[in-house]
Amino acid sequence: MKLKGTQILLKILEEEKVEIIFGYPGGTVLDIYDRLYKSKIKHILVRHEQGAVHAADGYARATGKVGVCLVTSGPGATNTVTGIATANMDSIPLVVFTGQVPTFLIGNDAFQECDITGITRPCTKHNFLVRNIEELASTIKEAFHIARSGRPGPVLVDLPKNVMAAEINYDPAKIKFRNYDTFHKPAPKKMAHVYEMLAHAQKPLIVTGGGVILGKASAELTALARRYQIPVTGTLMGIGSFPGMDPLWLGMLGMHGTYYANMAVSHCDLLIAVGVRFDDRVTGTIDTFATNAEIVQIDIDPSSINRNVVVDLPIIGDTKATLKDMIKFLTEHNYAPQASYRKEWLDQIAIWKEKVPLSYCRDGRFIKPQHVIETLHKIAQGNIIVTTEVGQNQMWTAQFFPFDEPNTLVTSGGLGTMGYGLPAAIGVKCAFPDKHVVDIAGDGSIQMNIQELATAAQYKINVKIVLLNNGYLGMVRQWQELFYEKRYSHTDMTYAPDFVKLAEAYGVVGLRATKPAEVEKTLREGLAIEKPVLMDFQVSREECVYPMVGPGSSISDMKLGTREMIN
Amino acid sequence: MEKKEHIISILVHNKPDVLARIAGILGGKGYNIESLCVNTTTSYEISKIVMTTIGNQATITRIENQLRKFVDVIAVNNLTNVESIHREMILVRLNLSADSREQVTKTIETYQWKVIVSADAYVILEITGDKPQIDFALARLEPLGIADITRTGIIALELEN
């Protein structure tokens, strides 16, 4: 069967069960868009290509499927870079199709030409420039395979216009590509080693990370922790992999981790890290991180092991398969924690929890951002997926919104990309139209991709934005307050649009709350309206995120804000 | 940890951007490629890259792990810690003058260097050896007046696989 490049692309997208593409047309992809006009695959026209990638990324994080984008060459392609780097840092499977000028013009500085494979080489898992029609089908197939196999990641496929217009005899049986699946099953002797370590440990602790969510290993991790009463803390990316309402959950560790999580890390004698790469925001100064503990690190990617923290027992393996093996081995060998030791450890943690719980000072006059987040959790009743922007809004969400399920917190962890939350929420809502999808935002971040309100309005994608509006770039201001003697250099953002009017201008509902008494009513109203809604909460301006571990400090050395006197 | 030279042998699919990826991962982490040799193997589809870089063992291990993650990398071997032989080659052009001709001819004979082009005004030598041997030859060639030189990167092969 003779097919054009554009037909082959759509055929394979259908075979890969792609339901939705986030994209933006342009000169070099006109032929593809012409095919798309008659296709069953849904396409969402974003208002900026960065939004397309974040939306596909949000869709991928919430569903576990590969997110797909389609953009034109040159500026269309370069606009995707921040989104691709965001997905790359958090190992999110994406396939990004970029248009390219015809192969005979490549290298000529043609109109809207850029070397996008060169630009994205360091921030993709892999990328391809398709040089001829013969390799088109296998390259697209391979791109999807690479994106989702092993440690997932974004793959970019650059499609020159003439390749897509060329014709070839398409034979699916002839599509061949290599298998990159880096599936590892750990050696049994590693399990014996873990058993030994657990048998000797008096104060074990699990650290769960993004690898548990990506590896769909939450059930196994939860079973392991509950069966053997091992407390669990998590990285930002690990939130939701263990139930946030479980008494064994200690919340997030690290720079804005809970007091008790950071104390547990510093005092534990065995730390089992699962799908964690020990980012500097997690460890604080490396020399003082978990100094009393032997460390087991389970990760699918050998390059994540021993990179930042030197571990005692590295286990290279798929998180789900490894945890399954571990539970099996421990069960077969009748592992049981020594009751007295475990009680002592859990009692100690309970004391820390009681001594410094997560808290904030309530105020009758001003809305506290933490109060907004707690109230949102209360009224959403679990039927919610939350995205965030980056900064204080993100950290308060991680602290004050308990997530019980994996894939329900969608946030840019590694790269920390402002402007992520709104387009990501649009992607999530496309996959889960019946759930509340709420972007918890700050007034700085939201302005970085505010144009996507038009996308939400056009397609009636009813995302909700909870804007914690303090008129500052809040997290940077917090650092200036704490470490730069309150010199608020270029962080005051009081000059901003009237967000309610702006929302209305986009065809979106705008609501505003200025007093604590209005918080719950506004949230209930906002969630109930069957339209995209932006809720502008004018919050207390100089609220800080606590606890906080200062730069260059040990994670046991925390600033506790108003509770400082206790420590 | 002690920094030393590491010779890393990498088997890759022979594709246009493979070398750029490998150079990128080293350059991005601040490592200089001290020497580099690339060519196809018995199969045109597969190339072998032999490169040397300086670093401590932990960092080199990290680089090796990063390299192994590349889709087009088939195998990565650090030849520094296994028995292996190493060779480099230089091509040297020495200009000849009435004054130098006798001295040059005598030196070439003494060290039994291979002359591959001999003309009235110059000779071109081909010398192979390991790094100390090449350095030794260069020290002897220097006084004779080197007009131009090309030195390959190190190639290396394990004694046993």
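When you scan the range B:25-39, do you find a residue that is touching an Asp or Glu at 6+ places or on another chain (Cβ under 6 Å), more than 14 Å from every other protein chain (Cβ to nearest Cβ) and on the phi < 0 side of the Ramachandran plot, even just one? Full working, then the answer.
Here is the first cut: in the range B:25-39, the residues touching an Asp or Glu at 6+ places or on another chain (Cβ under 6 Å) are none.
Scanning the range B:25-39, I find no residue that is touching an Asp or Glu at 6+ places or on another chain (Cβ under 6 Å), more than 14 Å from every other protein chain (Cβ to nearest Cβ) and on the phi < 0 side of the Ramachandran plot, so the answer is no.
Among what's in the range A:134-183 and is under 15 Å from A:T103 (Cβ atoms) and in contact with a Phe, Trp or Tyr (Cβ under 8 Å, 6 or more places away or on another chain), pick the residue that is farthest from the other protein chains (Cβ to nearest Cβ).
A:N162
Yes or no: A:N306 surrounded by fewer than 19 Cβ atoms within 10 Å (Cβ to Cβ), outside any strand (DSSP E or B) and under 24 Å from the mean Cα position of the chain (by Cα)?
Yes: the conditions hold for A:N306.
Have a look at A:L453, A:L473 and point out the one that is open to solvent by less than 20 Å² (accessible area, probe 1.4 Å), within 24 Å of A:S412 (Cα to Cα) and not polar (S, T, N, Q).
Selected residue: A:L453, the only one of A:L453, A:L473 that is open to solvent by less than 20 Å² (accessible area, probe 1.4 Å), within 24 Å of A:S412 (Cα to Cα) and not polar (S, T, N, Q).
If the requirement is being in contact with a Cys (Cβ under 6 Å, 6 or more places away or on another chain), open to solvent by 20 Å² or more (accessible area, probe 1.4 Å) and not β-branched (V, I, T), which of these qualifies: A:K216, A:K189, A:K203?
Being in contact with a Cys (Cβ under 6 Å, 6 or more places away or on another chain), open to solvent by 20 Å² or more (accessible area, probe 1.4 Å) and not β-branched (V, I, T) holds for just one of A:K216, A:K189, A:K203, which is A:K203.
Could you list, in sequence order, all residues of the range A:98-119 that are of a type in the set (S, T, N, Q), over 23 Å from A:I21 (Cβ atoms) and within 14 Å of chain B (Cβ to nearest Cβ)?
So the first thing to find is which residues in the range A:98-119 are of a type in the set (S, T, N, Q), and the list is A:98, A:100, A:103, A:108, A:112, A:117.
Now narrow it down to the ones that are over 23 Å from A:I21 (Cβ atoms): A:103, A:108.
Of everything in the range A:98-119, just one residue is of a type in the set (S, T, N, Q), over 23 Å from A:I21 (Cβ atoms) and within 14 Å of chain B (Cβ to nearest Cβ), namely A:T103.
Quick check on the range A:191-210: of everything there that is touching a strand residue (DSSP E or B) at 6+ places or on another chain (Cβ under 7 Å) and in a helix (DSSP H, G or I), which residue is farthest from A:K324 (Cα to Cα)?
Going through the qualifying residues, I end up with A:M197.
Look at the range B:117-148 and say how many of its residues are basic (K, R) and either over 15 Å from the mean Cα position of the chain (by Cα) or loosely packed, with under 11 Cβ neighbours inside 10 Å (or both). Lay out the reasoning, then the answer.
As a first pass, look at the range B:117-148 and keep what is basic (K, R): B:131, B:140.
Now drop any that are not either over 15 Å from the mean Cα position of the chain (by Cα) or loosely packed, with under 11 Cβ neighbours inside 10 Å (or both), which leaves B:140.
The total comes to 1.
Can you list the strands (runs of 3 or more DSSP E) lying wholly within the range B:18-114 that have 3 or more residues being open to solvent by less than 80 Å² (accessible area, probe 1.4 Å) and either under 30 Å from A:P154 (Cα atoms) or of a type in the set (S, T, N, Q) (or both)?
So the answer is B:33-40, B:46-56, B:73-78.
If you take the residues in the range A:337-381 that are farther than 30 Å from A:G474 by Cα and surrounded by 18 or more Cβ atoms within 10 Å (Cβ to Cβ), which one is nearest to the chain's Cα centre (by Cα)? Please lay out each step first, then the result.
The initial filter retains those residues of the range A:337-381 that are farther than 30 Å from A:G474 by Cα, namely A:337-351.
Okay, now just the ones that are also surrounded by 18 or more Cβ atoms within 10 Å (Cβ to Cβ), so A:337, A:342, A:345, A:349.
Details: A:P337: 34, A:R342: 33, A:W345: 32, A:I349: 28 Å.
Here the residue is A:I349.
Name the residue that is farthest from the other protein chains (Cβ to nearest Cβ), counting only residues in the range B:68-106 that are free of Cβ contacts under 8 Å to residues at least 40 places away in the same chain and in contact with a helix residue (DSSP H, G or I) (Cβ under 8 Å, 6 or more places away or on another chain).
Our first condition is that a residue be free of Cβ contacts under 8 Å to residues at least 40 places away in the same chain; within the range B:68-106, this holds for B:68-69, B:71, B:81, B:96-99, B:101-102, B:105-106.
Filter once more, so that each one left must be in contact with a helix residue (DSSP H, G or I) (Cβ under 8 Å, 6 or more places away or on another chain): B:68-69, B:71, B:96.
Numbers: B:R68: 7, B:K69: 6, B:V71: 4, B:L96: 43 Å.
The residue in question is B:L96.
Quick test for you: out of A:K429, A:K515, pick the one residue that is of a type in the set (D, E, K, R) and open to solvent by 40 Å² or more (accessible area, probe 1.4 Å).
A:K515
Can you tell me which residue in the range B:1-17 is farthest from the other protein chains (Cβ to nearest Cβ), limited to those that are of a type in the set (A, V, I, L, M, F, W, C) and open to solvent by less than 40 Å² (accessible area, probe 1.4 Å)?
Filtering the range B:1-17 for residues that are of a type in the set (A, V, I, L, M, F, W, C) and open to solvent by less than 40 Å² (accessible area, probe 1.4 Å), the one farthest from the other protein chains (Cβ to nearest Cβ) comes out as B:I7.
Taking the range B:40-61, which residues are in contact (Cβ under 8 Å) with a residue 24 or more places away in the chain, out of contact with any strand residue (DSSP E or B) (no Cβ under 7 Å at 6 or more places or on another chain) and within 14 Å of another protein chain (Cβ to nearest Cβ)?
B:Q57, B:A58, B:T59
Return yes when A:D246 is away from chain B (no Cβ under 14 Å), assigned to a loop (DSSP other than H, G, I, E, B) and over 20 Å from the mean Cα position of the chain (by Cα) and no when it is not. I'd like the intermediate steps shown before the answer.
On the way: away from chain B (no Cβ under 14 Å): yes; assigned to a loop (DSSP other than H, G, I, E, B): yes; over 20 Å from the mean Cα position of the chain (by Cα): yes.
In short, yes.
In the range A:501-512, which residues are surrounded by fewer than 20 Cβ atoms within 10 Å (Cβ to Cβ) and touching a Ser or Thr at 6+ places or on another chain (Cβ under 9 Å)?
A:R512
State yes or no: is A:V81 in contact (Cβ under 8 Å) with a residue 60 or more places away in the chain and open to solvent by 10 Å² or more (accessible area, probe 1.4 Å)?
Criteria not met by A:V81.
For A:R131, are the conditions met, namely being facing another protein chain (nearest Cβ under 10 Å) and open to solvent by 10 Å² or more (accessible area, probe 1.4 Å)?
Here the answer is yes, as A:R131 does meet what is asked.
Can you name the number of the only condition in (1) part of a strand (DSSP E or B); (2) open to solvent by 20 Å² or more (accessible area, probe 1.4 Å) that A:K40 fails?
(1)
Can you spot a residue in the range A:173-183 that is open to solvent by less than 50 Å² (accessible area, probe 1.4 Å), part of a helix (DSSP H, G or I) and of a type in the set (A, V, I, L, M, F, W, C)? Working first, answer last.
Restricting attention to the range A:173-183, the residues satisfying the condition of being open to solvent by less than 50 Å² (accessible area, probe 1.4 Å) are A:175, A:180.
After this cut, where a residue has to be part of a helix (DSSP H, G or I) as well, the list is none.
Within the range A:173-183 (the criterion being open to solvent by less than 50 Å² (accessible area, probe 1.4 Å), part of a helix (DSSP H, G or I) and of a type in the set (A, V, I, L, M, F, W, C)), the answer is no, since none of the residues qualifies.
Give just the number: which of (1) in contact (Cβ under 8 Å) with a residue 12 or more places away in the chain; (2) within 13 Å of chain B (Cβ to nearest Cβ); (3) open to solvent by 60 Å² or more (accessible area, probe 1.4 Å) does A:P122 not satisfy?
Status for A:P122: all satisfied but (1).
The values are calculated or read from the model by the stated rules, or taken from the named source; none is laboratory data. For clarity, every value in this text was computed on a predicted model and none was experimentally measured. Every residue, glycine as well, gets a Cβ built from its backbone with ideal geometry; the counts of neighbours run over all protein chains shown. Only protein heavy atoms, including side chains, enter the accessible area calculation; ligands, DNA and RNA are left aside. Shrake-Rupley method; radii C 1.70, N 1.55, O 1.52, S 1.80 Å.
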